[in-house]
Amino acid sequence: MKTKYIILFFLVGLLALNACKEDDKSDPTEEVKFPEITSMTATKSVVEFGGKDPTVISCEATGGNLSYTWYVDLGDLIPVSEDKSVIQYTASDCCIGDKMIFCEVENNLGSVTDTISIFIQIP
Amino acid sequence: MINYKGLIVLFLLIAGSYGISYAQCCSAGNPISTDGGSAGLQKGAFGISVLYKGSTSDTYYHGSKEIDFVNKESLFHFTSLNIEYGLTQRWALVGNIGYFVRKSEVFPEFDYERYASGLGDASIQLKHQLISQPTHKFALSLIGTVKIPVGAKEVEYDGVILPIDFQPSTGSSRYSIATALSKGIGSDLSLFGYASYEYINAIETSSATYKYGDIVVGALGANYRVGNGISANLQSRYEWRDKRVDNETEVRESTGGSVLYMVPQISYTNKSAYNVALSFDVPVYRYMNFIENGTGQLGNKFMFSIKVSKTINSLFEPKTLSFDELEVLNESQFFVDGICAMCKERIEQLAMKQKNVKWAEWNMETKQLKYKFKDEVDAEKLMKLMAKTGHDTEKIKASDQAYNALHGCCKYRSESKE
């Protein structure tokens, strides 16, 4: 009989732990909608090559439960914010010229992509 | 008996070349390696090898000058599987696939590190032995290769799809043509040369096209048989890469360049024909293209490789007879000199090719070749055949020319190893 109570206690405990488990970091009151990029901005649109003069690019989006994926053909994108909505971009001298940076925002309803152009120049 | 003089020469070569080493850059695609081997496989023979290559890079260069700038440091651990099959006596087909276990880049300025792993390029190669003169120990081969990017084009790390020059796979196909030659000098030394040209197709992305520079490689080297299955190999390899061209017209002046490597290698072949080779690719001179006030190019410090290979003389074993069938056959034996598993395979295969021989076995300890037959076998003809291939028998001695043409690990005469 005692064993039954112990098992029951563990099952209830397990259920309680599971109920408290954080499954996502989104606002529970926020309604999930198809993602939409509201703005994509950079602190500088012209950057000197070499890594000491990065531009910080932000992608603001709505829709809830969002994940961000960035892409550029050449150069280095380094995430700044934990949710990856803000990144730094630098490049070496092999990337002089216009570079198109893509940001894809996705949730379970779909995805949307926006771009921003950054010019890499000689100091 | 180990040739200690040879070991000392090897040590000095390694120490000398390592002492003057600097660095060189890594680039998209499988790393380049040449082992200088031009000898093809025998018909039906099958070779398999596994390679590990590790590289580290942390220095930037303007031309041949090291500069005081570090944007990023890089490192990779690369493996590849190589399978070779002898189609005929002169043609061999080779398949190769590369896998980056880990490619990483560290950005000291941002205290950030990123990684990638995955399949690199696969290649299919056709080797043709154009000239083969075993008596002169000379061989010349032509090699055509097609490289295919089999890995994923968009490997992602930390919310970022990695740039094209850091992806494990190049994202473009490549074609190369090469020639390799080898020439034996005496019983323990051989020289080899290798030259190749590789054309690289453009990578097309949604916003641009990038054509990485074509690559020319030339290598010269020497292989010295130290003894007891140990060989030392020293190679100098020159690599030249053309500049990258973006969108068909924009030449990137700060890409491409040339590097001269010294590649000391030591290898060991055991009696079962397994070979293990260790080598260092040490850059001794480089010229990395650059622009004034530019960041320069990242050059790698050195690469380290381990290769394990095994050759199986034939995939198609002769028909085996049942115990009952063998029992009723006549048996005979004679002395055949040899030393290793490769000798054993060769001697037994030669015996099996002889008319009326139904079964053959050579004992590595007693050096006795036992063979079974139903109808009479011409033993003297069989001995002549063994001697012609380089193996002394109890009545006929192999000529020096035939003996010298044997593979390095098959040299059984003790005087040649002194």
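Each reported figure results from applying straightforward, stated rules to the coordinates on display, with no laboratory input. On a predicted model such as this, the values are computed, not experimentally measured, just so you know. In this analysis, Cβ positions are derived from the backbone assuming ideal geometry, glycine residues included, and neighbour counts consider all displayed protein chains.
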Please report, in cubic angstrom per residue, the volume enclosed by the convex hull of the alpha-carbon atoms of region B:4-312.
-> 135
Just counting partner chain Cβ atoms within 10 Å, what average do the residues of peptide A:44-50 show around their Cβ?
-> 2
For B:Ile131, B:Ile200, what's the fewest-to-most ordering of other Cβ within 10 Å of each Cβ?
-> B:Ile131, B:Ile200
Net charge contributed by nearby residues that have their C-beta within less than 11 Å of B:Ser172 (K/R +1, D/E -1) = +2
Say each of A:Val80 and B:Lys395 gets a label point 7 Å from the Cα, pointing the same way as Cα to Cβ; how far apart are those two points in nm?
-> 9.0
Fewest to most neighbouring Cβ within 10 Å: what's the order for A:Asp98, A:Asp53?
-> A:Asp98, A:Asp53
Which of the lysines could be linked to B:Lys103 by a straight reach, that is with a Cα gap under 27 Å, when you skip same-chain ones fewer than 8 residues away?
-> A:Lys52, A:Lys84, A:Lys99, B:Lys53, B:Lys65, B:Lys72, B:Lys147, B:Lys153, B:Lys211, B:Lys243, B:Lys301, B:Lys307
Evaluate the relative contact order of region B:338-418 (contact order divided by residue number), counting alpha-carbon pairs under 8 angstrom at least 6 apart; express in whole percent.
-> 26
How many partner chain Cβ atoms sit within 10 Å of a residue's Cβ in peptide B:160-166, on average, as a whole number?
-> 6
Region B:98-114 versus region B:247-305: alpha-carbon centroid distance in Å | 19
Ranked B:His407, B:His136, B:His62, criterion: other C-beta atoms within 10 Å, fewest first = B:His136, B:His407, B:His62
Highest-fluctuation residue, B:Gly390, B:Gly186, B:Gly213 considered, GNM on chain B with Cα pairs under 10 Å | B:Gly186
Extent of region A:25-121 along each principal axis, from alpha carbon coordinates, in Å, largest to smallest?
-> 46, 19, 17
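Count the net charge of all other residues whose Cβ sits under 15 Å from the Cβ of B:Ile131, scoring Lys and Arg as +1 and Asp and Glu as -1.
Net charge around B:Ile131: +4.
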What's the angle, to the nearest 10 degrees (0 to 90), between helix B:4-19's Cα axis and the longest principal axis of chain B?
-> 10
Chain B - percent relative contact order, Cα under 8 Å, separation 6 or more | 16
